[in-house]
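To start, the structure itself, in structure tokens.
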Amino acid sequence: TSTSFGDDGWLEVVQSLIRVIPLDDPLGPAVITLLLDECPLPTKDALQKLSDMLSLSAAVAQQDALNPAKHRNTTAVLGCLAEKLAGPASIGLLSPGTLGYLLESLSSDSHPTVMLFALIALEKFSQTSENKLTVSESSISDRLAVLESWADHPDHLKRQVGFCSQWSLDNLFLKEGRQFTYEKVSLTNINAMLNSNDVSEYLKISPTGLEARCDASSFESVRCTFCVDSGVWYYEVTVITSGVMQIGWATKDSKFLNHEGYGIGDDEYSCAYDGCRQLIWYNARSKPHSHPCWKE
């Protein structure tokens, strides 16, 4: 059961997350997700109190631009709650002020990390169809059309914003007259790609099939379209973020159980390298390796 003490405790946790999570730690947003996932669902009352406390608006987003850590953490918290609260609670949370805050957070004065998490929050809110309509009508696709040009940006943070903008325009907030990326991308020189038919449900895969991204709180996996069964092989990967990923080799018998957290390296049919936690995984057991932490 929920008590008013429970509400106060929850509000305390949310405020602390917004206040203290640093901007540069690659696990910062993951900590927000994990902690909010462990908390019981907030009551309607607690959500109302949170909205009143934050009292978000486009003007507040302009103020928060001076404090990118607070700004990023606020957008990350909103995305996390939107994902947990599909339905009426999510509609209630996306007030005109909150929508204004998130849209203003996509403006060019914002830190790219803020843009990224504001966009992910809008995507999570749009899992509820009424919100999707509200967001779509806010001419968000015009903003995203500008940002998608960052998809190949040498700055890894801006590249993430470009990737997510392009993905949203292709899958979520469609723009009239815009050609889908997959219709115009050239696959001529690509012999192997990530297999969109051999993937767990929440991965975003680029139109070239060469880039994958996970914004779900579950552990998502994908295999490649190319199988090797003899000889000596290697492949190379560019990590665009420095967070927790397991990259390696798997047979067809390796199972993807995203909600249980099973992916590559978590059964006897696969092994994986994790450069964030500095571990090698096999059969769901890990042993440390001595390479330095990977960076984007």
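The values are calculated or read from the model by the stated rules, or taken from the named source; none is laboratory data. What you see is a predicted model, and the numbers here were worked out from it, not measured in a lab. All Cβ positions, even for glycine, are placed from backbone atoms using ideal geometry, and neighbour counts span all protein chains on display. For the accessible areas, the whole protein counts, side chains as well, though only heavy atoms, and no ligand, DNA or RNA atoms are used. Shrake-Rupley method; radii C 1.70, N 1.55, O 1.52, S 1.80 Å.
Computed on the Cα trace of segment 169-289, the radius of gyration divided by the Kirkwood hydrodynamic radius gives Rg/Rh = 1.00.
Ordering His291, His71 by how much accessible area each has at a 1.4 Å probe, largest first, what is the list?
Correct descending sequence by accessible area is His291, His71.
When a 1.4 Å probe is rolled over the protein heavy atoms, the share of accessible surface on the chain that falls to carbon and sulfur comes to 54 percent. Expressed as a fraction of 2.2 N^0.38 Å, the value expected for a compact globular protein of N residues, the C-alpha radius of gyration of segment 120-204 is 1.18.
Note on segment 1-91: Cα-Cα pairs beyond 21 Å make up 29% of the total pair count.
Largest first and in whole Å, the equivalent-ellipsoid semi-axes of the chain read 33, 24, 18, each the square root of five times a Cα gyration tensor eigenvalue. Only protein heavy atoms count here; under a 1.4 Å probe, Phe180 has an accessible surface of about 60 Å². Backbone geometry of segment 64-74 corresponds, through the Karplus equation with coefficients 6.51, -1.76 and 1.60 at θ = phi - 60°, to 3J(HN,Hα) couplings of 5, 4, 7, 10, x, 5, 4, 4, 4, 5, 5 Hz, x marking Gly and Pro.
Look at where the Cα atoms of segment 240-296 and of segment 93-130 average out, and the two centres are 31 Å apart.
To the nearest 20 debye, what charge dipole does segment 254-296 have about its Cα centre, counting +1 at the Cβ of each Lys and Arg and -1 at the Cβ of each Asp and Glu?
Dipole of segment 254-296, to the nearest 20 debye: 160 debye.
With all protein chains kept in place, the per residue accessible area of segment 71-214 amounts to 44 square angstrom at a probe of 1.4 angstrom. In summary, the lysines within cross-link reach of Lys124, defined as a Cα separation below 26 angstrom excluding same-chain residues under 8 places away, comprise Lys44, Lys49, Lys70, Lys84, Lys132, Lys158, Lys175, Lys204. Note that segment 82-241, at 20 °C in a medium of 1.002 mPa s, gets a Stokes-Einstein diffusion coefficient of 125 µm²/s from its Kirkwood radius over C-alpha pairs. Contact order normalised by length for segment 1-104, with contacts defined as Cα pairs under 8 Å and 6 or more residues apart; what percent is it? The value is 38 percent.
Using a cutoff of 8 angstrom between alpha carbon atoms and counting only pairs six or more residues apart, the relative contact order for segment 229-285 works out to 30 percent.
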